[in-house]
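Enquirer: The structure's right below; bear with me while I get my questions together.
The values are calculated or read from the model by the stated rules, or taken from the named source; none is laboratory data. The model shown is predicted, which means the values in this text are computed figures rather than measured ones. Here the Cβ positions follow ideal geometry from the backbone for every residue, glycine too, while neighbour counts run over all protein chains shown.
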Amino acid sequence: GIPVIYDIVRNLPAELNCPVFIAQHLPDAFMEFFARQLSAQTDRTVCVPKSGAEIRERTIYISPGSAHLTCGQSGRRRKIEHLDHYAGSRYSPSVDALFESVARVYGAGALAVVLSGMGNDGAAGAVHLSAAGANIIVQDAESSVVWGMPGAVAKAGLADAILPPALMTRLLARAVK
């Protein structure tokens, strides 16, 4: 998962100005290190944000390992929120919690990417994204170390595309043209 995240972030099109949210299953002690390593791959701002931080364009937000990263909105202001508990998932940080909040805040304007990982985290959140009209792409089984998370989304019929990481970056480049 992490090398693929580095590769995708390194190849994000310069014209793609939206915020990027990442929920990676890592212990809290590693999140700042992960953010620093990811920052070396891009000219975008990369951070493990505090709850209440305003969401900005061209910023990559890494979920803390001790809470669930979610998005909130008050009027036109979009902000980061942390949940200490999310009943819908046994994973922390939870992709489901993130996806559900992104569906509420960004709706059809969201694009979700589910990469290799164990379990089914992301599948329940993908239901919310799909209902909101968002697009969801998942990593293919052949390039995944473990096809649990992307496989759960694909098997639920929620994936708009099933691709290897190299084609995901091409798709992102085409999306901004």
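Enquirer: Can you find even one residue in the range 150-173 that is buried (at least 17 other Cβ atoms within 10 Å of the Cβ) and within 21 Å of V48 (Cβ to Cβ)?
Expert: No.
Enquirer: Let me ask another. Out of (1) of a type outside the set (A, V, I, L, M); (2) under 15 Å from the mean Cα position of the chain (by Cα); (3) modelled with pLDDT of 95 or more; (4) not in a helix (DSSP H, G or I), the odd one out for Y91 is which?
Expert: Only one criterion is unmet by Y91, namely (3).
Enquirer: Return yes when C71 is crowded, with 20+ Cβ neighbours inside 10 Å, more than 20 Å from A166 (Cα to Cα) and among the hydrophobic types (A, V, I, L, M, F, W, C) and no when it is not.
Expert: So C71 fits the description; yes.
Enquirer: Something else now. Within the range 110-117, can one find any residue that is over 24 Å from S66 (Cβ atoms) and surrounded by fewer than 24 Cβ atoms within 10 Å (Cβ to Cβ)? Before you say what the answer is, go through the steps one by one.
Expert: Of all residues in the range 110-117, those over 24 Å from S66 (Cβ atoms) come to 110-111.
Still in the list and also surrounded by fewer than 24 Cβ atoms within 10 Å (Cβ to Cβ): 110-111.
Checked against the condition, which is being over 24 Å from S66 (Cβ atoms) and surrounded by fewer than 24 Cβ atoms within 10 Å (Cβ to Cβ), the range 110-117 yields at least one hit.
Enquirer: Right, something else. For the range 143-174, what are the residues that are of a type in the set (G, A, S) and either touching a Cys at 6+ places or on another chain (Cβ under 8 Å) or not in a strand (DSSP E or B) (or both)? So that I can check it myself, show each step before the final result.
Expert: From the range 143-174, those of a type in the set (G, A, S) are 143-144, 148, 151-152, 154, 156-157, 159, 161, 166, 173; that's our starting set.
S143, S144, G148, G151, A152, A154, A156, G157, A159, A166, A173 - these are the residues of the range 143-174 that are of a type in the set (G, A, S) and either touching a Cys at 6+ places or on another chain (Cβ under 8 Å) or not in a strand (DSSP E or B) (or both).
Enquirer: What number of residues within the range 65-87 satisfy the criterion of being of a type outside the set (S, T, Y), assigned to a loop (DSSP other than H, G, I, E, B) and under 20 Å from D28 (Cα atoms)?
Expert: As a first pass, look at the range 65-87 and keep what is of a type outside the set (S, T, Y): 65, 67-69, 71-73, 75-85, 87.
Filter again for assigned to a loop (DSSP other than H, G, I, E, B), leaving 65, 67, 75-76, 84-85, 87.
With the extra rule that they be under 20 Å from D28 (Cα atoms), the set shrinks to 65, 67, 84-85, 87.
Final tally of qualifying residues: 5.
Enquirer: Looking only at the range 7-64, how many residues end up being surrounded by fewer than 16 Cβ atoms within 10 Å (Cβ to Cβ) and either farther than 30 Å from R76 by Cβ or acidic (D, E) (or both)?
Expert: 15
Enquirer: Only residues that are assigned to a loop (DSSP other than H, G, I, E, B), farther than 21 Å from L171 by Cβ and not polar (S, T, N, Q): list them for the range 101-140, please.
Expert: Start the filter on the range 101-140 by keeping residues that are assigned to a loop (DSSP other than H, G, I, E, B), which leaves 110, 115-116, 118-122, 133-134, 140.
Subset that is farther than 21 Å from L171 by Cβ: 118-121.
The answer is M118, G119, D121.
Enquirer: Follow-up. Test of understanding: among A131, A175, A123, A159, which residue is of a type outside the set (K, R) and modelled with pLDDT under 95? It would help to see each step written out before you state the result.
Expert: Numbers: A131 fails: modelled with pLDDT under 95; A123 fails: modelled with pLDDT under 95; A159 fails: modelled with pLDDT under 95.
When all the criteria are applied, what remains is A175.
Enquirer: Here's something else I'd like to know. Given the conditions (1) of a type in the set (G, A, S); (2) in contact (Cβ under 8 Å) with a residue 40 or more places away in the chain; (3) closer than 16 Å to V20 by Cα, and given that S101 satisfies all but one, which numbered condition is not satisfied?
Expert: Only one criterion in (1) of a type in the set (G, A, S); (2) in contact (Cβ under 8 Å) with a residue 40 or more places away in the chain; (3) closer than 16 Å to V20 by Cα is unmet by S101, namely (2).
Enquirer: While we're here: For A97, which of the numbered conditions (1) crowded, with 20+ Cβ neighbours inside 10 Å; (2) assigned to a strand (DSSP E or B); (3) of a type outside the set (S, T, Y) fails to hold?
Expert: (2)
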